[in-house]
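The next block holds one structure in the form of structure tokens; read it before the comments.
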Amino acid sequence: MENEQFRQYTEFTELPLEEMQRRAEEFFHKMRKRRTIRHFSDREVPRNIIEHCIRTAGTAPNGANLQPWHFVVVQDAKVKSAIRKAAEAEEREFYDNRAPDDWLEALESLGTDPEKPFLERAPWLIAIFAETYGLNEDGSKRKHYYVKESVGIATGMLITAVHNAGLVSLTHTPGPMGFLNEILDRPENEKPFLLLVVGYPEEDAQVPDISKKPLDEIATSL
Ligand code: IYR
């Protein structure tokens, strides 16, 4: 293929079949140990670990390679407090008024409530924003494609990278999350997608005793 916009893909190295099989299985066993954690330790985590995880997220496949995401990494205690205060206000409204009974029932086994102490206690909060459109140099709008899919994939890769680094995370979505634009000073074209809480688990951290569906329930072979 002769085209100036292309280059040879030299990064691929074929693995022996047995090694592929071993790696696929090992990775599954590694990933099945990931759990969403709500009890965070206040132990510090070096910034460069978080930055590498975000670099990993930034390699995600996405619509037209416009990379429609922005990650705000928060360590500052004052900013964390402001986020906690705003998130708890929304969550109180959710649990007390907005959530229909069937939703509250579905959440029962998770033991969640409007109190979100981890938003101040965990060393890092990563606010993930979806760029609903881009901005050209002259200020005009540039269309973005498959924004939710792209940011969803990048977020999955971020969660995987955090787990691979030996840390835990919580996918937190205090809806609506508009307050994140104000507190974090993000522009109107960026819509809050998810707040990822990252750190070490508390030593006595507990998790709900729940399981994942087996392969035959989540996949069909034809
Ligand atoms: N955002 C709320 C409620 C909540 C909703 C779902 I769907 C969950 O899987 C977990 C929680 C909260 O964080 O408590």
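The values are calculated or read from the model by the stated rules, or taken from the named source; none is laboratory data. Remember, predicted model here, so these are calculated numbers, not experimental data. Cβ: placed from backbone, ideal geometry, glycine included. Neighbour counts: every protein chain shown. Protein only, heavy atoms only, side chains kept; ligands, DNA and RNA dropped before computing areas. Shrake-Rupley method; radii C 1.70, N 1.55, O 1.52, S 1.80 Å.
Each peptide in 68-78, 117-127 receives the mean, over its residues, of other Cβ atoms within 10 Å, and ordering these scores from highest gives 117-127, 68-78.
Heavy-atom accessible surface of Y145, to the nearest 10 Å², is about 100 Å², with a 1.4 Å probe and all protein chains retained.
Considering only protein heavy atoms, what per residue accessible area in square angstrom results for the chain with a 1.4 angstrom probe?
68
Cross-link partners of K212 among aspartates and glutamates, defined as those whose alpha carbon lies under 15 angstrom from its own and excluding same-chain residues fewer than eight positions apart, are absent. Stretched out straight at 0.36 nm per residue, the stretch from D96 to I49 would grow longer than its current Cα-Cα span by 13.1 nm. Peptides 199-205, 216-222, 109-115 ranked from most to least packed give 199-205, 109-115, 216-222, packing being the mean of other C-beta atoms within 10 angstrom over each peptide's residues.
The apolar share of the surface of region 29-123, taken as the fraction of accessible area on carbon and sulfur atoms (1.4 Å probe, ligands and nucleic acids excluded), comes to 49 percent. Length available on full extension from M31 to Q206: 0.36 nm per residue minus the Cα-Cα distance, which gives 61.2 nm. What residues of region 59-95 lie in the reach of a label at D113, counting those whose backbone N is under 19 Å from a point 7 Å from the Cα along Cα→Cβ? Answer for this model: 84-95.
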